Amino acid sequence: MFPHERSLVSKLKDAPFVLLGVNGDEDLESLKRMNEEQGITWRSFVDFHASDRTPISERWNVSGWPTLYLIDANGFIRHRWLGNPGDEVLDDAIERLIAEAKETSSEAVGD
Amino acid sequence: MRRFVGVAVSFFGISFSLVGQEQGLEQIRSDYHEYLYSSYEQGGMPEADRLVDYIVAAFEFADSSEVAEQSVAALHLVMGISSMHILTKEEDTLVPEWKDAVDRLTLEYVNEPSLAMVIHGIDFVPPALEAARDRFLEVVTAETKNSVVRAALCLEHAKRIMRKDMTGGCDEEEEAALPGLLERLASEFGSNSAPQGQGDFATLASRMKYEWENLRVGCKAPDLEGVDGDGVPFKLSDYAGKVIFLDFWAHW
């Protein structure tokens with residue numbers, strides 16, 4: 001999944017798009033090592049168990065990894081997948097939402 | 001060795017000790033696993049003919065065991081062996097064996113608490129088994145009087161609807177049924193322990209309710225806040241106005 005995500009991030013660096021992670025590793029070192037080894041430049045919420053909070057994955061009832069959410073520019077959940085749906089499905093959905101976001105923002109400018 | 005144990009169990013029947021019976025089933029299970037690993041190691045696939053031997057031994061064990069829980073475990077093993085084979089070979093060779101095990105469970109063990117483990121274990125089955133699986137769940141739902149089994153049925157029913165909803169395939173009737181199922185999970189079975197160390201059913205039901213009410217397609221995404229790997233705090237809402245691809249990941 002990482003190589004495709006890396007290419008998405010670089011391809012869409014000028015688009016109204018951001019990739020964010022929720023990292024379920026049980027320690028910070030794993031996250032840092034993975035970021036380093038896999039060339040992960042995007043941000044991830046650190047999500048391991050700690051006494052002062054409930055992990056995001058628990059609140060969001062995540063039952064398998066990866067679980068993916070696609071949220072549109074207005075903050076609405078538009079897609080979610082348990083497991084990787086494949087590059088094509090993912091790219092297609094992302095492109096549609098970016099096109100939608102650009103359309104809305106150009107309309108706003110037009111007003 | 002495996003054959004010997006199988007024969008011993010059925011031969012001594014009633015007088016055979018519980019310890020001996022457990023060893024009998026464990027022996028079949030470990031022989032099966034050993035065969036599985038050795039065939040993978042040799043780069044091949046397990047052969048149906050060999051798998052049938054383990055299935056026959058497990059059936060014999062189920063018939064001869066005097067302990068219902070052990071019989072259910074043996075039939076569960078038959079289901080595991082056959083569905084694994086159907087899945088990897090993508091052929092229907094062992095479908096009758098799977099159905100046979102399920103028939104025996106519905107005939108004799110609908111009120112046995114350990115049937116809950118079987119119910120939790122068949123959320124994913126190969127397509128060739130889906131219709132039989134659904135029928136099995138229907139029959140058990142109609143007939144069981146055991147609360148542990150009913151709790152398992154209720155949870156798996158709710159999970160099935162939520163999973164279908166995630167892939168866009170849940171119909172109106174299922175959508176309408178879900179809140180009632182979650183309510184039942186919490187009120188009727190709340191203090192039962194949920195499978196796979198997920199706490200009790202009440203906790204699990206409240207998480208599922210949160211997901212259903214806040215995280216379905218079309219919902220406004222709840223805000224998230226936390227820290228990144230460098231300890232810098234940030235929020236989901238920091239990125240408002242952008243398309244957000246949120247990836248729950250881990251290195252494993």
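Each reported figure results from applying straightforward, stated rules to the coordinates on display, with no laboratory input. The structure displayed is predicted, hence computed values, not measured ones. Here the Cβ is made from the backbone with ideal geometry for all residues, glycine too, and neighbour counts use every protein chain on show.
Which GluC sites (Glu not before Pro) does segment A:16-61 hold that lie in a coil by DSSP with at most 16 other beta carbons within 10 Å?
Details: sites: A:E26, A:E29, A:E36, A:E37, A:E58; in loops: A:E26.
Passing both the DSSP loop test and the Cβ count: A:E26.
Here is the list for segment B:99-176: chymotrypsin sites (Phe, Trp or Tyr not before Pro) lying in DSSP coil, each with at most 13 other C-beta atoms within 10 angstrom of its C-beta, are B:F124.
Pairs of Cα atoms under 8 Å, at least six residues apart: use those to get the relative contact order of chain A, whole percent.
This gives 21 percent for chain A.
FRET efficiency for the pair A:L82 and A:K13, taken as 1/(1 + (r/R0)^6) with r the Cβ-Cβ distance and R0 = 30 Å, rounds to 0.60. The fraction of all Cα pairs in chain B landing in successive 10 Å bins from 0 to the largest distance is 6, 24, 27, 22, 14, 6, 1, 0, given as whole percents. Residue pairs exceeding 25 angstrom between C-alpha atoms, taken from B:K164/B:K242; A:K102/B:K164; B:K220/B:K242; A:K13/B:K235: B:K164/B:K242; A:K102/B:K164. Shielding of peptide A:53-62 by partners, expressed as the average count of other chain Cβ atoms within 10 Å per residue Cβ, is 5. If both residues of a DSSP beta bridge must be in the protein assembly as shown, then about 60% of such bridges are antiparallel.
Screening chain B for DSSP H helices whose Cα atoms reach 30 Å or more along their own axis and whose mean Kyte hydropathy is at least -0.5 gives B:68-89.
Summary value for chain B: 10 percent relative contact order, contacts being C-alpha pairs under 8 angstrom separated by 6+ residues.
The per residue volume of the convex hull around the alpha-carbon atoms of segment A:2-110 is 119 Å³. Under the simplified labelling scheme, the B:T167-B:M117 pair shows an inter-label distance of 2.8 nm, with each label point 7 Å from Cα along Cα→Cβ.
Take each peptide in B:189-201, B:71-83, count the other Cβ atoms within 10 Å of every residue, and average; sorted highest first, the result is B:71-83, B:189-201. With 0.36 nm allotted per residue and the present C-alpha distance subtracted, the A:Q38-A:M1 stretch has 12.3 nm of extension available. Over the protein assembly as shown, the reciprocal of the mean inverse Cα-Cα separation, the Kirkwood hydrodynamic radius, stands at 23.5 Å.
Return the percentage of antiparallel bridges among DSSP beta bridges fully within chain A, rounded to the nearest 5 %. If we restrict to bridges inside chain A, about 65 percent are antiparallel. When +1 charges are put on Lys and Arg Cβ atoms and -1 charges on Asp and Glu Cβ atoms, the dipole computed for chain B relative to its Cα centre reaches about 280 debye. Toward the positive end of the charge dipole of segment A:2-110, with +1 on the Cβ of Lys and Arg and -1 on the Cβ of Asp and Glu, the farthest Cα among A:L28, A:V46, A:N74 is that of A:N74.
A helix-only calculation puts the protein assembly as shown at -19000 deg cm²/dmol for mean residue ellipticity at 222 nm, using -39500 (n - 2.57) for each DSSP H run of at least four residues, averaged over all residues.
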